[in-house]
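To start, the structure itself, in structure tokens.
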Amino acid sequence: MKKLLLCFGLLIAVHTCTAVNIDSLLDVWRDHRQPDSIRLVALYDAAYELIYIDRDTALYFAELQYDFALKSGYPVYAANARYIQGVNYYYAGLYTEALEHYQLSLNLFEELEKEASIASCLNNMGAIFTLWGDYLVAVSFYTRSLKIAEQLKDSLAAYNALKNIGDINRRQKDYTKAMEYNQLCLQSAIQRGDKNGEASCLSTIGLIHYEQGDLEKALAYQLKSLEIFRQQGPKSSEAYVLRNMGPIYQEQGQDAKVVEVYRQSLELFKEISDVRGIIDVDIAMSRFYLERGKYAQAITYSRRGLDMAREIGLVVEIKDAALVLFESYQKAGNYKQALDMHLLYRTMEDSMASEAAAREVMRQEFTYKYEKKATADSIRALEKEKVMQAELAAEKALSQQQRQQTYFLYTGLGLTLLFCGFIVNRMMVIRKQKALISLEKERSDELLRNILPDETAEELKKYGSAKARHFDMVSVIFTDFKGFTHIAEKLSPTELVAEIDYCYKAFDKIVEKFGLEKIKTIGDAYMCASGLPKQSEECWNDAVRAAIAIRNFMKQYKAQREAEGRLAFEVRIGVHSGPVVAGIVGAKKFAYDIWGDTVNTAARMESSGAVGKVNISGSTYDLVEGKFKCEYRGKIPVKNKGEIDMYFAEESGKLVDLS
């Protein structure tokens with residue numbers, strides 16, 4: 001099935017804001033006779049309304065609100081300002097910035113114990129992780145939001161959380177649960193008289209019918225949804241529904257309607273500056289033209305979508321656009337461009353495997369930066385407050401100096417004590433903030449070390465970059481599960497991910513035990529290496545020991561699974577030794593990787609091996625000869641490599657106990 005957009009109702013406002021005149025709100029804000037709280041509400045409403053009209057101005061007003069709220073002693077409006085900035089960045093497609101501001105808003109709301117607002121932040125943070133494909137994290141945010149909503153008996157917040165959980169079920173193709181969640185949400189919206197919520201549910205139910213192949217019902221639900229959104233707004237939701245109608249018309253063979261609904265959707269997304277929506281429609285149109293054999297149009301739209309996706313770092317969209325371009329260039333006979341796009345597609349697939357950890361590093365970095373700013377802000381605010389108090393006390397003392405000399409003396413003493421108190425208070429604040437900053441920095445450093453070797457991580461922190469290095473001799477290990485596709489078809493997505501995760505965590509422990517460096521996982525393949533960034537006399541032997549330990553673990557796990565009457569993976573393992581180049585890939589979502597013919601040959605060792613065996617090359621055998629029981633297999637022909645000496649390596653002893 002073709003990819004469709006997310007369901008609606010993803011974002012929740014801190015409070016409901018009806019359509020208002022922005023100029024009148026700004027008049028209230030400028031009226032200094034009004035109470036500060038009334039002025040802040042007016043500024044908040046103006047910033048919220050401007051999200052769909054002028055995002056730069058909305059960001060400016062939100063920042064103005066944040067500063068004024070702190071100065072006037074209304075922290076809840078400071079939290080609201082950060083929330084509005086998060087919404088703004090989300091609609092601009094800047095998801096890391098949106099996540100940063102939601103996190104800052106969440107921190108403030110938690111300090112203030114504003115449960116309803118906490119639920120809104122959690123829901124919106126879950127939406128970002130949903131878009132990033134990190135469903136486990138997204139569900140954890142939605143579940144926390146739902147629990148709060150149920151405690152508060154907030155039907156709207158519960159509606160949003162349930163609907164977004166249902167959307168994840170749809171994305172994972174659990175259509176029964178997805179339909180149950182959306183039917184519950186539909187009834188909730190109707191009971192509350194929420195027409196937008198009702199239209200959102202109708203559209204999502206249409207998506208479920210579409211993905212199950214019922215085009216007639218899918219179109220009927222989308223048309224009902226479109227009718228409501230055209231009457232009620234907002235334009236973003238109308239654009240989503242039009243976008244989702246395109247694939248339905250495409251499968252019905254109504255090409256003119258496909259082009260028309262995509263055109264209308266694209267115009268609406270451009271009108272409201274929804275970058276992600278524009279990218280998605282561009283890629284959808286490119287798929288349509290590719291399927292119809294109109295390769296020039298397919299290349300035009302997918303190239304535009306690719307360029308925009310690169311600008312804001314949308315890995316999934318870059319991968320999707322690169323795939324369309326690869327197929328379009330290939331069928332148009334432009335094989336060089338096709339090869340470039342295929343390499344980009346594979347690169348994006350690889351980067352998605354390590355992206356979750358990199359995103360967590362970014363989140364810690366955001367928190368670290370925020371704590372530094374909070375330290376400076378709190379110190380400045382404290383200094384200003386103490387200075388104002390001192391000036392006021394001095395003025396009173398001066399006016400009564402001649403009549404009350406004794407009072408002046410006590411006032412001076414009071415000022416001295418006040419200043420001493422200020423110094424002590426300031427030192428306590430600085431100490432507390434430094435401790436918080438230090439803690440977050442330690443967490444950030446720990447996460448960085450989980451992604452990169454220690455030596456490379458230190459170089460990156462010190463210089464902002466890390467140079468690629470050549471290593472004369474490294475042992476590279478590849479593992480791959482036998483019959484992965486066959487077993488995967490019999491497991492649910494959740495079960496499949498859990499199985500792979502369990503195995504890979506065990507592999508990670510083995511790699512750490514023997515001092516190897518994990519490089520990456522690519523689907524059901526696991527890659528690690530020994531001898532970098534530091535080498536030792538035992539590193540080659542440790543590579544083979546680790547490979548045998550992984551094999552032994554998989555044997556144990558297979559026996560356990562079969563005893564329970566469950567399906568079990570088996571593993572092939574290959575080891576090859578030779579020169580490699582190692583370094584960091586990427587600028588934001590970086591990953592440590594290695595390149596060279598050694599890597600390719602190691603992969604061939606795995607594919608040329610046998611299930612339950614550790615297949616090592618002749619070059620590895622020369623390094624570990626005499627340390628293992630090695631069975632010579634002869635010279636085995638390898639694609640593009642000729643014949644290579646291969647050995648099955650064994651080591652006597654007990655199976656590795658990882659418990």
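The values are calculated or read from the model by the stated rules, or taken from the named source; none is laboratory data. In this text the structure is predicted, and so the values were computed from the model without any measurement. Note: ideal-geometry Cβ built from the backbone for every residue, glycine included; neighbour counts use all protein chains shown. The area values use the complete protein model at the heavy-atom level, side chains included, leaving out ligands, DNA and RNA. Shrake-Rupley method; radii C 1.70, N 1.55, O 1.52, S 1.80 Å.
State the extension gain, in nm to one decimal, for the chain segment bounded by Ser72 and Ser155, taking 0.36 nm per residue of separation less the distance between their alpha-carbons.
Values: separation 83, 0.36 × 83 = 29.88 nm, distance 3.31 nm.
Fully extending the segment from Ser72 to Ser155 adds 26.6 nm.
Long-range amide H contacts for Glu570: which residues qualify at under 5 Å (H placed 1.01 Å from N, peptide plane, sequence gap of 5 or more or a different chain)?
For Glu570, whose amide H was placed from the backbone, the distant partners under 5 Å are Lys482.
Explain nothing, just compute: Karplus ³J(HN,Hα) = 6.51 cos²θ - 1.76 cosθ + 1.60, θ = phi - 60°, for every residue of the range 95-107 in order, whole Hz, x for Gly and Pro.
6, 5, 5, 4, 4, 4, 6, 5, 5, 4, 5, 4, 4
What list of ³J(HN,Hα) values in whole Hz, one per residue of the range 279-287 in order, does the Karplus curve 6.51 cos²θ - 1.76 cosθ + 1.60 (θ = phi - 60°) give from phi, with Gly and Pro shown as x?
4, 5, 5, 4, 5, 4, 5, 5, 5
Quick one: which of Lys482/Lys639; Lys319/Lys520; Lys153/Lys195; Lys336/Lys482; Lys257/Lys294; Lys217/Lys270 span more than 24 angstrom between C-alpha atoms? Don't jump to the answer; show the numbers that get you there.
Working: Lys482/Lys639 20 Å; Lys319/Lys520 18 Å; Lys153/Lys195 20 Å; Lys336/Lys482 34 Å; Lys257/Lys294 17 Å; Lys217/Lys270 29 Å.
Lys336/Lys482; Lys217/Lys270, as the Cα separations exceed 24 Å there.
Whole number in Å², please: accessible area per residue of the range 561-650, 1.4 Å probe, ligands, DNA and RNA not counted.
Values: 4170 Å² over 90 residues.
Heavy-atom SASA per residue in the range 561-650 reads 46 Å².
By how many nm would the segment from Ser140 to Glu625 grow when fully extended, if each residue of separation counts as 0.36 nm and the alpha-carbon distance is taken off?
Details: separation 485, 0.36 × 485 = 174.60 nm, distance 5.01 nm.
My answer for the length gained is 169.6 nm.
Roughly to the nearest percent, how much of the accessible area of the range 503-571 is carbon and sulfur, given a 1.4 Å probe?
Working: 1320 of 2910 Å².
Of the solvent-accessible surface of the range 503-571, carbon and sulfur hold 45 percent.
How many angstrom lie between the C-alpha centres of the range 283-311 and the range 153-193?
33 Å
At what distance in nm do the modelled label points of Trp595 and Glu260 sit from each other, each positioned 7 Å from its Cα along Cα→Cβ?
Modelled inter-label distance: 5.0 nm.
Given an 8 Å cut-off on Cα distances and at least 6 residues of separation, report the relative contact order of the range 543-618 as a percent.
On the way: 106 pairs, mean separation 26.5, N = 76.
Relative contact order, the range 543-618: 35 percent.
To the nearest 0.05, how large is the calculated FRET efficiency for Lys635 and Asp214 if R₀ is 60 Å and r is the Cβ-Cβ distance? Intermediate values should be presented prior to the final figure.
Details: r = 57 Å, r/R0 = 0.96.
Plugging the Cβ-Cβ distance into 1/(1 + (r/R0)^6) gives 0.55.
Tell me which residues come under 5 Å, amide H to amide H, from Lys520 once H is placed; ignore anything under 5 positions away on its chain.
When sequence neighbours closer than 5 places are left aside, the close amide H contacts are Met527.
Over the range 124-165, average the accessible area per residue using a 1.4 Å probe and give it in Å², no decimals.
On the way: 1670 Å² over 42 residues.
On a per-residue basis, 40 Å².
Once the other residues with Cβ under 13 Å from the Cβ of Asn169 are scored (Lys, Arg +1; Asp, Glu -1), what is the net sum?
On the way: positive: Lys163, Arg170, Arg171, Lys173, Lys177; negative: Asp167, Asp174, Glu180, Glu211.
Once positives and negatives cancel, what remains is +1.
Mind checking the full-extension length gain between Ser607 and Gln330? Use 0.36 nm per residue of separation minus the Cα-Cα distance, one decimal, nm. Present the calculation step by step, with values, prior to reporting the outcome.
Values: separation 277, 0.36 × 277 = 99.72 nm, distance 2.79 nm.
Using 0.36 nm per residue and subtracting the Cα-Cα distance, I get 96.9 nm.
Would you please give the FRET efficiency between Leu496 and Arg33, computed as 1/(1 + (r/R0)^6) with r the Cβ-Cβ distance and R0 = 56 Å, to the nearest 0.05? Numbers along the way, then the final one.
Numbers: r = 64 Å, r/R0 = 1.14.
Approximately 0.30, to the nearest 0.05.
Hey, if you put +1 on the Cβ of every Lys and Arg and -1 on every Asp and Glu Cβ in the range 196-273, which of Leu223, Val258, Leu268 ends up farthest toward the positive end of that dipole?
The residue sitting most towards the positive pole is Leu268.
Of the heavy-atom accessible surface of the range 195-250 (probe 1.4 angstrom), what whole percent is carbon and sulfur? Don't skip to the end; give the middle numbers.
Details: 810 of 1860 Å².
Solvent-exposed carbon and sulfur of the range 195-250 make up 43 percent of the total.
Using only the heavy atoms of the protein chains and a 1.4 Å probe, how would Asp282, Asp54 rank by accessible area, largest first?
Numbers: Asp282 0, Asp54 60 Å².
My answer, sorted largest first, is Asp54, Asp282.
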